[in-house]
Amino acid sequence: MNSSRIAARVQRIKPSPSSAAADRANELRRQGHSIVNLVVGEPDFDTPAHIRQAAWEAIQRGETRYTNNSGTVELRQAIAAKLVRENGLSYGLDEIIVTSGAKSAIYTVLAATLEPGDEVIIPAPYWVSYPDMVLACDGRPVTVPCPESDGFKLTVERLRSAITPCTRWLMLNSPSNPTGASYTADEYRALADLLLEHPQVMLMTDDIYEHIRYDDSDNPHILNIEPGFRDRTVLINGVSKTYAMTGWRIGYAAASADLVAAFNTLQSQSSGNTCSVSQAAAVAALEGDQSFVSESREVYRQRRDRTLESINAISGLSCAAPSGAFYLYVDCADLLGRRTPAGKLLADDTDVVMYLLENAGVAVVAGTAYGLSPYFRMSIASSQQVLDEGCARIAAAVDALI
Ligand code: PMP
């Protein structure tokens, strides 16, 4: 490739590792191998019928044209009502922008606010896209390892040592992809107390998994704990995970009006509004029958419990119960140093993942992709049958190690 044709901002980043792992699994499948794909980070359920119906009706009504750049009034009203109802947070319509998925919201926020060299604190393990998005927007990702002994969560001490005068953003994702870790009110309070000393640090909260939670405790937002942060916080959310709507591409950001105006300017010159039909569907998702949310959560919970038991029964693997999201982040440290039946040494989690794929036909993603090793992430957003098959294959593959 003629790299001089490609901008430095793109040369600094790499394709999403989970997409790369999914592509490799699909490639092997095409070649005729039997592959259990536990890579995907999307619900395996269909979008509920009433939401699909709303999209169909929107098409019939002719809602097939450009909408407001920031999203239809109906959808922003539905989002504002949701934020009050579910999160106790109040936003006006000029404080909300609808985007093409939460992913695009995060990118737009970073692109609209980062100056070259600005630092963004990203607790690790993190969602794979955060550091690359920061790099693409000329910022500096500052990843802070948060070990399992801290519940994979950012502590005040670690945050304190990561903050510098150049810190622009702290990214928080609760429940987290890939660990499912969720912050409690006390943990937020402690982080907030430190952040009060550093008013230049803005907060981005990625709440995309807020409804996929397995403990019955409250699900606080840091803004409930410290309402004074409202002006320095951008809340990111969307309908992809909660309503099994990954393909519809509806996310949003809520923040103070001056910030949202800047996001709007950038979006108006980059992508414009997101799909009109999807926006009508998202109104139905947020305002219609909510039973899918608790029903799907119960299914995920059963899968989590059973898959966790199967994984923890494998000598050499261990996994703590995630309190949310739909992934297991499996510790594979005990496999390192062992050899495959073909004699290859497993030196790191990438080797483990390659071994599971090539020898057992199970596709998972290496912890290196999420910034904390040695682990691998397996998605539980697949049927129990697929998960059982995956666990059986992993058990046999681990058993075959020398
Ligand atoms: N944040 C996190 C933590 C995610 O896991 C994902 C999806 N994998 C997103 C944001 C993006 O979601 P969307 O489909 O709304 O772009």
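The values are calculated or read from the model by the stated rules, or taken from the named source; none is laboratory data. All values derive from a computational prediction rather than experimental measurement. Here Cβ is always computed from backbone atoms with ideal geometry, including for glycine, and neighbour counts include all displayed protein chains.
For region 20-41, which positions are part of a helix (DSSP H, G or I) and modelled with pLDDT of 85 or more?
25, 26, 27, 28, 29, 30
Among all residue pairs at least 6 apart or on different chains, which show Cβ distances below 9 Å where the first residue, located in region 247-270, is assigned by TED's automatic domain parsing to the domain that holds residue 204 and modelled with pLDDT under 95 and the second is more than 16 Å from the ligand (Cβ to nearest atom) and among the aliphatic types (A, V, I, L, M)?
Going by the 9 Å Cβ cut-off, there are no qualifying pairs.
Please work out which residue is farthest from the ligand (Cβ to nearest atom), limiting yourself to region 172-186 and to residues that are closer than 15 Å to residue 159 by Cβ and polar (S, T, N, Q).
174
Just need a number here: residues in region 15-36 that are of a type outside the set (A, V, I, L, M, F, W, C) and either within 16 Å of the ligand (Cβ to nearest atom) or surrounded by 14 or more Cβ atoms within 10 Å (Cβ to Cβ) (or both).
Of the residues in that region, 9 qualify.
For residue 356, state whether it is farther than 23 Å from residue 177 by Cα and in contact with a Phe, Trp or Tyr (Cβ under 9 Å, 6 or more places away or on another chain). Before the answer, list the steps.
Details: farther than 23 Å from residue 177 by Cα: no; in contact with a Phe, Trp or Tyr (Cβ under 9 Å, 6 or more places away or on another chain): yes.
Judged against the criteria, residue 356 is not a match.
Taking residue 300, is it in a strand (DSSP E or B) and of a type in the set (Phe, Trp, Tyr)? Lay out the reasoning, then the answer.
Values: in a strand (DSSP E or B): no; of a type in the set (Phe, Trp, Tyr): yes.
No, not satisfied.
On the given criteria, is residue 357 at pLDDT below 95 and assigned to a helix (DSSP H, G or I)? Walk me through it before giving the result.
Details: at pLDDT below 95: yes; assigned to a helix (DSSP H, G or I): yes.
Answer is yes for this residue.
Among all residue pairs at least 6 apart or on different chains, which show Cβ distances below 9 Å where the first residue, located in region 125-153, is within 21 Å of residue 325 (Cβ to Cβ) and the second is assigned to a loop (DSSP other than H, G, I, E, B) and of a type in the set (Lys, Arg)?
Sorted first by the residue in region 125-153, then by its partner, the pairs are 132/12; 132/14; 146/153.
In region 37-50, what residues are within 15 Å of the ligand (Cβ to nearest atom) and either under 30 Å from residue 288 (Cα atoms) or assigned by TED's automatic domain parsing to the domain that holds residue 248 (or both)?
Listed by number, the residues that qualify are 40, 41, 42, 43, 44, 45, 47.
Taking region 79-105 as the search range and keeping residues that are in contact with a helix residue (DSSP H, G or I) (Cβ under 6 Å, 6 or more places away or on another chain) and within 16 Å of the ligand (Cβ to nearest atom), which one is farthest from residue 19 (Cα to Cα)?
Here the answer is 82.
Right, residue 138: assigned by TED's automatic domain parsing to the domain that holds residue 154, touching a Pro at 6+ places or on another chain (Cβ under 8 Å) and away from the ligand (no atom under 16 Å from the Cβ) or not?
Working: assigned by TED's automatic domain parsing to the domain that holds residue 154: yes; touching a Pro at 6+ places or on another chain (Cβ under 8 Å): yes; away from the ligand (no atom under 16 Å from the Cβ): yes.
So residue 138 passes the test.
With the requirement that a residue be under 22 Å from residue 80 (Cβ atoms) and buried (at least 24 other Cβ atoms within 10 Å of the Cβ), what does region 109-118 give you? Don't jump to the end; show me each part of the working.
So the first thing to find is which residues in region 109-118 are under 22 Å from residue 80 (Cβ atoms), and the list is 109, 112.
Passing the criteria: only 109.
From 192, 162, 181, grab the single residue that is at pLDDT 95 or above, under 26 Å from residue 305 (Cβ atoms) and among the hydrophobic types (A, V, I, L, M, F, W, C). Show your work before the answer.
Working: 192 fails: under 26 Å from residue 305 (Cβ atoms); 162 fails: under 26 Å from residue 305 (Cβ atoms).
When all the criteria are applied, what remains is 181.
Given the conditions (1) over 18 Å from residue 214 (Cα atoms); (2) at pLDDT 95 or above; (3) assigned to a helix (DSSP H, G or I); (4) not small (Gly, Ala, Ser), report the number of the one that residue 308 does not fulfil.
(1)
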